[in-house]
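The next block holds one structure in the form of structure tokens; read it before the comments.
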Amino acid sequence: MRVIAKRTLREFWGQPEYSDAQSALEAWHFEALKALWQTPQDIKEKYRSASFLKNNRVVFNIAGNKYRLIVSIDYQRQACFIKFIGTHKQYDDIDAEVYDGYSTQ
């Protein structure tokens with residue numbers, strides 16, 4: 001699976017208040033790169049707590065559920081697009097089904 005873009009993750013964990021997310025995000029990124037997700041069930045087998053939204057969006061709990069990562073997955077092209085990374089409070093302030101950016105606030 002291609003992850004677009006790791007830079008988004010680096011910018012997030014590069015902020016002092018979110019530096020504790022680095023190892024968990026790097027682990028998720030490494031696993032996603034190796035993954036061959038064909039269906040949501042493939043993701044659910046590895047990430048039991050993942051939530052699935054409309055338009056092939058998936059919400060992952062990161063760093064012991066401290067952060068939320070939203071991605072949009074194109075199963076056919078094997079591409080995963082990062083749409084949001086932030087705290088639970090930041091996640092609660094967005095519409096996860098349509099949000100098309102990421103949080104660093």
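Go through region 5-29 and give me each residue that's surrounded by fewer than 16 Cβ atoms within 10 Å (Cβ to Cβ), without any contact (Cβ under 8 Å) to a residue 60 or more places away in the chain and within 12 Å of the chain's Cα centre (by Cα). Within region 5-29, 6, 26, 27 qualify.
Would you check if residue 45 is modelled with pLDDT of 95 or more and surrounded by fewer than 13 Cβ atoms within 10 Å (Cβ to Cβ)? Spelling it out, residue 45 is indeed modelled with pLDDT of 95 or more and surrounded by fewer than 13 Cβ atoms within 10 Å (Cβ to Cβ). Screening region 1-75 for helices (runs of 4 or more DSSP H) wholly inside it with 3 or more residues that are closer than 23 Å to residue 89 by Cα returns the ranges 6-13, 22-34. Every test in (1) under 13 Å from the mean Cα position of the chain (by Cα); (2) open to solvent by 80 Å² or more (accessible area, probe 1.4 Å) is passed by residue 95 save one, and that test is (1).
Residues are listed down the side, and each one gets a yes or a no for (1) more than 13 Å from residue 21 (Cβ to Cβ); (2) free of Cβ contacts under 8 Å to residues at least 40 places away in the same chain:
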| position | (1), (2) |
| --- | --- |
| 63 | no, no |
| 74 | yes, yes |
| 80 | yes, no |
| 88 | no, yes |
| 97 | yes, no |
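Go through (1) under 11 Å from residue 3 (Cα atoms); (2) of a type in the set (A, V, I, L, M, F, W, C); (3) touching a helix residue (DSSP H, G or I) at 6+ places or on another chain (Cβ under 7 Å) one by one and return the number of the condition residue 28 breaks. Of (1) under 11 Å from residue 3 (Cα atoms); (2) of a type in the set (A, V, I, L, M, F, W, C); (3) touching a helix residue (DSSP H, G or I) at 6+ places or on another chain (Cβ under 7 Å), only one is false for residue 28: (3).
The values are calculated or read from the model by the stated rules, or taken from the named source; none is laboratory data. From a predicted model like this one, the values you see are computed outputs, not experimental measurements. Methodologically, a virtual Cβ is constructed for each residue, glycine included, from the backbone with ideal geometry; neighbour enumeration extends over all protein chains shown. Only protein heavy atoms, including side chains, enter the accessible area calculation; ligands, DNA and RNA are left aside. Shrake-Rupley method; radii C 1.70, N 1.55, O 1.52, S 1.80 Å.
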